[in-house]
């Protein structure tokens, strides 16, 4: 898979691409990531890539010409990438979107800055507009990194243990169950007995129940998707009854 990043700040990506999952994916040849400096495609002496907005208002707007030139450059002699604009006005990113993007052979992330990009860029060449949450960052670089890592770790061979990916939070209907490791007791807090029992059926049941409970307590909105299995519905119903009974006492 090839990933292109179109940005005003290419140095932002130097360290992250040499670390962790992204580094392993690049070193293994599973993904190729190319960072493109928008200023290379400007036509002014001082490489100006932004200007004041028509109609007035605070801030600056990213100019259309250098971005469009950069996009055309990406399309030369190969597969046209799917262009994704990172913007707070986009659809909220989730695991399903990560899976969808991971299926493309080539994706390019356009990192917005300042007050955003000229709308003509969006009209002419942007395929997706994505936000990572309802808050404002200085630019799309941080958001692009989050999306790139989320989709890259889904590619075959990137994560050594595929079960780790399959059981991640948001891969199913529930948040992930609590995790413990050695030592078995720490600061007077012991690992739940069931996890050291060796009874795999009981462990699986405990994990499902704890995952459902955590979701019910922290993200009940996830339970409104209508995607719960019959077993998951029974677990949630029982937990809800238990909570109601506890309130009545």
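Given a Förster distance of 41 angstrom, what is the FRET efficiency for residue 190 paired with residue 19, based on the Cβ-Cβ distance and rounded to 0.05?
Numbers: r = 35 Å, r/R0 = 0.85.
With a Förster radius of 41 Å, E is 0.75.
Over all distinct Cα-Cα pairs of the chain, the Kirkwood formula returns a hydrodynamic radius of 21.2 Å. Taking the C-alpha atoms only, the angle from helix 141-152 to the longest principal axis of the chain is near 60 degrees. Once the Cβ-Cβ distance of residue 51 and residue 11 is raised to the sixth power relative to R0 = 25 Å, the FRET efficiency obtained is 0.60.
Expressed as a fraction of 2.2 N^0.38 Å, the value expected for a compact globular protein of N residues, the C-alpha radius of gyration of region 83-133 is 1.12. Across region 98-231, the relative contact order, built from alpha-carbon pairs under 8 Å that are at least six residues apart, equals 21 percent.
Helix 200-218 and the longest principal axis of the C-alpha atoms of the chain enclose an angle of approximately 60°.
Between 0 and 90 degrees, rounded to the nearest ten: what's the tilt of helix 230-248 against the longest Cα principal axis of the chain? Once rounded, one gets 70 degrees.
Using packing as a proxy for protection, rank 209-217, 22-30 so that the peptide with the highest average count of other Cβ atoms within 10 Å comes first. If you can, show how the numbers build up before the last one.
On the way: 209-217: 18.6, 22-30: 14.9.
Ranking, from highest mean packing down: 209-217, 22-30.
Treating each Cα of region 185-248 as an identical point scatterer and ignoring solvent, apply the Debye formula and state log10 I(q)/I(0) at q = 0.25 Å⁻¹. These q points yield log10 I(q)/I(0) values of -1.08. With the helix formula -39500 (n - 2.57) applied to DSSP H stretches of n ≥ 4, the chain reaches a computed 222 nm mean residue ellipticity of -11000 deg cm²/dmol.
Using the count of nearby Cβ atoms within 10 Å as a rough guide to exposure, how do 6, 132, 83 rank from fewest to most?
Values: 6 29, 132 20, 83 23.
In order of increasing Cβ crowding within 10 Å: 132, 83, 6.
Region 15-90 to region 180-249: how many Å between their Cα centroids? Each part reduced to its Cα centre gives a spacing of 44 Å.
Beta carbons within 10 angstrom, averaged per residue: use that to sort the peptides 32-39, 140-147, highest first. Before the final figure, lay out each step's value.
On the way: 32-39: 17.2, 140-147: 21.5.
Listed from highest to lowest mean packing, they are 140-147, 32-39.
Here the gap between residue 249 and residue 72, fully extended at 0.36 nm per residue and compared with their Cα-Cα distance, gives a gain of 57.0 nm. Projected label points at residue 142 and residue 91, each 7 Å from Cα along the beta carbon direction, are separated by 2.5 nanometres.
Values quoted throughout were computed directly from the atomic coordinates according to the rules given, and no laboratory measurement underlies them. Source: prediction; values computed, not measured. We place every Cβ from the backbone using ideal geometry, glycine too, and count neighbours over all the protein chains shown.
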